[in-house]
Amino acid sequence: MASSYGYPFEQQHCLSISQFSRPDIETLLSLGEHYLNLDVQKSPDNAVLTGKTLVNLFFENSTRTQKSFEIAGRRLGADVINMSVAQSSVKKGETLLDTAATLNAMNPDILVVRHSASGAPALLAQKLSGSVVNAGDGMHEHPTQALLDALTLRRHFGKDLGGIRIAICGDITHSRVARSDIQLLNILGCEVRLIGPPTLIPADADRWGVEVFHDMETGLDGCDAVMMLRLQLERMSGAFVPSKREYFHFYGLDRSKLAFAKPSAVVMHPGPMNRGVEISSDIADDPEVSLITAQVESGVAIRMGILHALSEAQDGIS
Ligand code: CP
């Protein structure tokens, strides 16, 4: 496969959507599309990371992100090391910076890190000589999730997402996915709406280039896509909603609320889902409306694209 995609990708790290230009994003999405369309296990040109080491360092739980980076790295020929924080010296009190210095001495080419502290991947990026990928940091950002969401939307709506109306619903306050998605969808020309109770939408959200709604009926009107978010109870101190049952009544997506959107509307969720809290199983499992499985497929492909682009940038190929 050609090493250049029409634009030089020169980023050392993947920390935030805000670091990327529109051409950077187009490059990453094109690479993701390439890997989606490629039967990589049989392809002779799938080894762009041969001889490179990818370290997955997850301080928070993950299924989709951690496993898809592992699969993406292996498919591209990298040596993949999954560091289990539970069994590492972090549990003996080692600081993040000492862990970074130790890892740096082992010369990983790419470190994929998830941490509960906003900014932890950016801090590591200052200390490591290789590339750092933010796999989710606190309530700050989850840039690879936003890229996989954009890839999934392109698979459904076509390459030009301009004018697509998308509602992001639920716990916006605690969502790094929402913060990354909003930036990326705005760059791609989508019309972004946020829907949720006032307790779960930051007071300054109307300055993020979105329209804010507090009821599903008005917010979903005319929407092409509906992205539901998990109530992040583990990040809440105190009660943000009266009860899960009441939350589902007002904000949980079921058939009656989906009917407020366009008849052709599709549904997304980054996972993990709380069925019966923010989304009904009936909707989540309906292949006619749900893109949730497609999001997981896009996740492996876009992460292959991100690893590919970072590796070529390291090697000075653009
Ligand atoms: N969407 C997402 O980040 O899922 P995981 O927590 O399973 O990685």
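The values are calculated or read from the model by the stated rules, or taken from the named source; none is laboratory data. Quantities reported herein were computed from a predicted structural model and do not represent experimental measurements. FYI the Cβ positions are ideal-geometry reconstructions off the backbone, even for glycines, and counts take in every protein chain you see.
State whether the residues of the stretch 70-89 include one that is in a strand (DSSP E or B), within 16 Å of the ligand (Cβ to nearest atom) and polar (S, T, N, Q).
Yes; the residues of the stretch 70-89 include at least one that is in a strand (DSSP E or B), within 16 Å of the ligand (Cβ to nearest atom) and polar (S, T, N, Q).
Test each condition in (1) under 19 Å from the mean Cα position of the chain (by Cα); (2) closer than 30 Å to Ser243 by Cβ for Ile195 and report the one that comes out false.
(1)
Quick check on the stretch 145-180: of everything there that is in a loop (DSSP other than H, G, I, E, B) and away from the ligand (no atom under 16 Å from the Cβ), which residue is nearest to Leu231 (Cα to Cα)?
Thr173
Out of Ile279, Ile306, report the one residue that is out of contact with any Asp or Glu (no Cβ under 9 Å at 6 or more places or on another chain), within 15 Å of the ligand (Cβ to nearest atom) and β-branched (Val, Ile, Thr).
Exactly one residue qualifies, and that residue is Ile306.
Which is closer than 30 Å to Gln11 by Cβ, at pLDDT below 95 and crowded, with 17+ Cβ neighbours inside 10 Å, of Gln232, Gln295?
From the options Gln232, Gln295, the qualifying one is Gln232.
Can you work out which of the residues in the stretch 124-137 that are away from the ligand (no atom under 13 Å from the Cβ) and not aliphatic (A, V, I, L, M) is surrounded by the most Cβ atoms within 10 Å (Cβ to Cβ)?
Ser131
Go through (1) at pLDDT 95 or above; (2) crowded, with 19+ Cβ neighbours inside 10 Å and name the single condition Lys262 misses.
Of everything listed in (1) at pLDDT 95 or above; (2) crowded, with 19+ Cβ neighbours inside 10 Å, Lys262 misses just condition (2).
Assuming Phe59 fulfils every condition listed in (1) within 11 Å of the ligand (Cβ to nearest atom); (2) in contact with a strand residue (DSSP E or B) (Cβ under 9 Å, 6 or more places away or on another chain) apart from one, which condition is it?
(1)
So which of Leu253, Leu229, Leu233 ends up being more than 16 Å from the ligand (Cβ to nearest atom) and under 22 Å from the mean Cα position of the chain (by Cα)?
Leu253
If I go through the stretch 198-212 residue by residue, how many of them are touching a residue at least 40 places away in the same chain (Cβ under 8 Å) and over 23 Å from the mean Cα position of the chain (by Cα)?
Residues flagged as touching a residue at least 40 places away in the same chain (Cβ under 8 Å) and over 23 Å from the mean Cα position of the chain (by Cα) within the stretch 198-212 amount to 1.
All but one of (1) part of a helix (DSSP H, G or I); (2) over 30 Å from Ser30 (Cβ atoms); (3) within 16 Å of the ligand (Cβ to nearest atom) hold for Ala100, so report the exception by its number.
With respect to (1) part of a helix (DSSP H, G or I); (2) over 30 Å from Ser30 (Cβ atoms); (3) within 16 Å of the ligand (Cβ to nearest atom), Ala100 is out only on (3).
Report yes if Thr27 is β-branched (Val, Ile, Thr), within 15 Å of Arg303 (Cβ to Cβ) and away from the ligand (no atom under 16 Å from the Cβ), otherwise no.
yes
For the stretch 103-129, give me the residue count where each residue is in contact with a helix residue (DSSP H, G or I) (Cβ under 8 Å, 6 or more places away or on another chain), of a type outside the set (Gly, Ala, Ser) and assigned to a helix (DSSP H, G or I).
4
I'd like to check which helices (runs of 4 or more DSSP H) are fully inside the stretch 228-318 and have at least 1 residues that are among the β-branched types (Val, Ile, Thr) and in contact with a helix residue (DSSP H, G or I) (Cβ under 9 Å, 6 or more places away or on another chain).
So the answer is 281-284, 292-314.
Out of everything in the stretch 200-229 that is surrounded by fewer than 17 Cβ atoms within 10 Å (Cβ to Cβ) and acidic (Asp, Glu), what residue ends up being modelled with the lowest pLDDT?
Out of the qualifying residues, it is Asp206.
Among the residues of the stretch 111-123, count how many are free of Cβ contacts under 8 Å to residues at least 60 places away in the same chain and either in contact with a Ser or Thr (Cβ under 7 Å, 6 or more places away or on another chain) or crowded, with 24+ Cβ neighbours inside 10 Å (or both).
Total satisfying the criteria: 4.
Yes or no, residue by residue, for (1) at pLDDT 95 or above; (2) surrounded by 22 or more Cβ atoms within 10 Å (Cβ to Cβ); (3) closer than 13 Å to Arg235 by Cβ:
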residue: Arg165; (1), (2), (3): yes, no, no
residue: Cys169; (1), (2), (3): yes, yes, no
residue: Ile172; (1), (2), (3): yes, yes, yes
residue: Ser175; (1), (2), (3): yes, yes, yes
residue: Ala178; (1), (2), (3): yes, yes, yes
residue: Gln183; (1), (2), (3): yes, no, no
residue: Cys190; (1), (2), (3): yes, yes, no
residue: Gly196; (1), (2), (3): yes, yes, no
